[in-house]
1. List the pairs whose first member sits in segment 120-144 and is under 17 Å from V172 (Cα atoms), whose second member is in a helix (DSSP H, G or I) and of a type in the set (D, E, K, R), and whose Cβ atoms are under 7 Å apart, counting only residues at least 6 apart or on separate chains?
2. Given the conditions (1) hydrophobic (A, V, I, L, M, F, W, C); (2) more than 20 Å from M157 (Cα to Cα); (3) out of contact with any Leu (no Cβ under 8 Å at 6 or more places or on another chain), and given that V63 satisfies all but one, which numbered condition is not satisfied?
3. Going by the structure shown, is Y279 surrounded by 22 or more Cβ atoms within 10 Å (Cβ to Cβ) and farther than 25 Å from A337 by Cα?
4. Determine whether H33 is of a type outside the set (A, V, I, L, M, F, W, C), part of a helix (DSSP H, G or I), under 25 Å from Y217 (Cα atoms) and without any contact (Cβ under 8 Å) to a residue 40 or more places away in the chain.
5. I'd like to check something: does segment 39-58 contain any residue that is surrounded by 22 or more Cβ atoms within 10 Å (Cβ to Cβ) and under 25 Å from the mean Cα position of the chain (by Cα)?
6. Check segment 124-136 and report whether any residue there is assigned by TED's automatic domain parsing to the domain that holds E191, assigned to a loop (DSSP other than H, G, I, E, B), farther than 20 Å from I73 by Cα and of a type in the set (G, A, S).
7. Assess whether R65 counts as being of a type in the set (K, R), assigned to a loop (DSSP other than H, G, I, E, B), without any contact (Cβ under 8 Å) to a residue 60 or more places away in the chain and in the same structural domain as D120 (by TED's automatic domain parsing).
8. I need a count of the residues in segment 148-165 that are in a helix (DSSP H, G or I), buried (at least 20 other Cβ atoms within 10 Å of the Cβ) and within 13 Å of the chain's Cα centre (by Cα).
Amino acid sequence: MALHAFPLQDVLLEHQRYNETRDLDQWQDNDAHLQRVARSFNQLSTEKLGAEYSPDPLEVLNVERETLPYLLILSARVTLAFKKSKSSFPENLRPGNTLWLQAVAVLTHGDPIEARYGEDCWRTLAKAVAQGAVTASTETHPPSASISVVAAAILRMDPSGGTLTTSHLDLVRACLLTHSYAQARPVLDCEVHSFPSPSSVNNELPLSAKHHTSNTYIAVRNKLTEPLTLTDILEYYLCGAMIYIGLDQWARALDSLDFVLCTPSGSQNTAHELMLEAYKKWVLTSLLAHGRPIPLPQTAGGAPMRTVRALAKEYEAVAEAFRGTDGKKLEAEAYEAQEEFRNAGNEGLVRNVVARHRQLAISKLANTYAVVPFSMVAKLLSISDSDAAQYVQRLVQEGLLQASIEQAEGQSVLRFGEKQGQESEQQLKAELLRQTKRIKELSRYIAEADRRLGLSRDYVEHVSRQRKQKTATQDVPDQEEAMDMSFGGAASEEDEESVMADVS
């Protein structure tokens, strides 16, 4: 269908003809063509590009094959919709309406290679959809529908999901605000292997090429993400931990909290504000994940952690009470600091900790007894026999206790099964395979990071300094001494604005 009214009709026709014969292996040709298309569209004002035309270009264009012009036009219309809207969120962008449906189409079916040339348009649409999930969802279009689209958009642009972007932050924030935890898993479960670099100047490949890792094309310079500060990175991991906590994935939550606690704060003596919140959750989550208090990670220490621990005495008191066998003492500690737990948003975690202590108290009976009467369980938990029976029955039904309820000598008894807490062979094998796959993936990214570091200006200057320090009679080894990559010393404002950019 002809688009006579659209000012860039010739550009669209050229793009359609080019796509009919495009060879994905011809990187340079594709790069030159897509740059021409992007430049042509960027010459138009937002008002002119986002205006309504008849016929509508978005109804004529194929979103899968003509993604770049579709993306640029739609992004302009979304920008105009926000400018003209009298409410906080444009009506036409609400879930189920025209702009939302068009955004969903391009984010889930668009060509990610063409979308790389749209600069910030991709993340603008993803951000708008995430915002709609929080402020404009309906019963027919719940928040989970919009959040799933945002997750799909992140993985479409970066199938590894491992280069952290501002879209990752938009996703986890929306998930927490709408309690749509499961929809974040496809992205959260991806290992973050890179932070976006300020530019892709040192990358010899064009955006249209096949890249080994996503951080070679996802960069601040081409606007596929905004710069990430240290606070942004810590917030992503803390939000991720809270989502895992909402899903009762204690081990994964603990991994994310470990990252927050182990990340240098930029000062040797000052703790980052998010470290305190992370530590409070870490103490409680470690009890749920391991069934006992555990030591801090070795790399989390020093003056910042001493400051954090001094401000979290109520949580350490709960952990110490958990170590013992007195359930009443644990409940007393939980009750005494309930206002702190409620204000910090950790009241639910504390309830889980108390329940976990009860469960473990019953499980530990299996170390001594094969069968116990419910009167013993009731006495241990300081509740009635009937309440003990109901509680144990629920644990058995939920798979939290390997036991069966039987009748013996006229009374109900609890017969323990296999050793409590022992994983089956199938579970151990599945976990081993998962960890093996994870290590292989990370090894590939580590090797790529080493290669980039070896080519960086800082490393070259380091090697040059090392060579100058050698005497004329000494042989210069092939492998220079390791460069000091520690994070000691106070960080400047520039460090905060572009953390770890040089090694991304």
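The values are calculated or read from the model by the stated rules, or taken from the named source; none is laboratory data. Remember, it's a predicted structure, so these values are computed and weren't measured experimentally. Cβ coordinates were reconstructed from backbone atoms using ideal geometry, including for glycine residues, and neighbour counts include every protein chain displayed.
1. A126/D170; K127/D170; A130/D170
2. With respect to (1) hydrophobic (A, V, I, L, M, F, W, C); (2) more than 20 Å from M157 (Cα to Cα); (3) out of contact with any Leu (no Cβ under 8 Å at 6 or more places or on another chain), V63 is out only on (2).
3. Spelling it out, it is not the case that Y279 is surrounded by 22 or more Cβ atoms within 10 Å (Cβ to Cβ) and farther than 25 Å from A337 by Cα.
4. Considered against the rule, which asks whether it is of a type outside the set (A, V, I, L, M, F, W, C), part of a helix (DSSP H, G or I), under 25 Å from Y217 (Cα atoms) and without any contact (Cβ under 8 Å) to a residue 40 or more places away in the chain, H33 comes out as yes.
5. Among the residues of segment 39-58, not one is surrounded by 22 or more Cβ atoms within 10 Å (Cβ to Cβ) and under 25 Å from the mean Cα position of the chain (by Cα), which makes the answer no.
6. yes
7. Considered against the rule, which asks whether it is of a type in the set (K, R), assigned to a loop (DSSP other than H, G, I, E, B), without any contact (Cβ under 8 Å) to a residue 60 or more places away in the chain and in the same structural domain as D120 (by TED's automatic domain parsing), R65 comes out as yes.
8. Here the count works out to 3.
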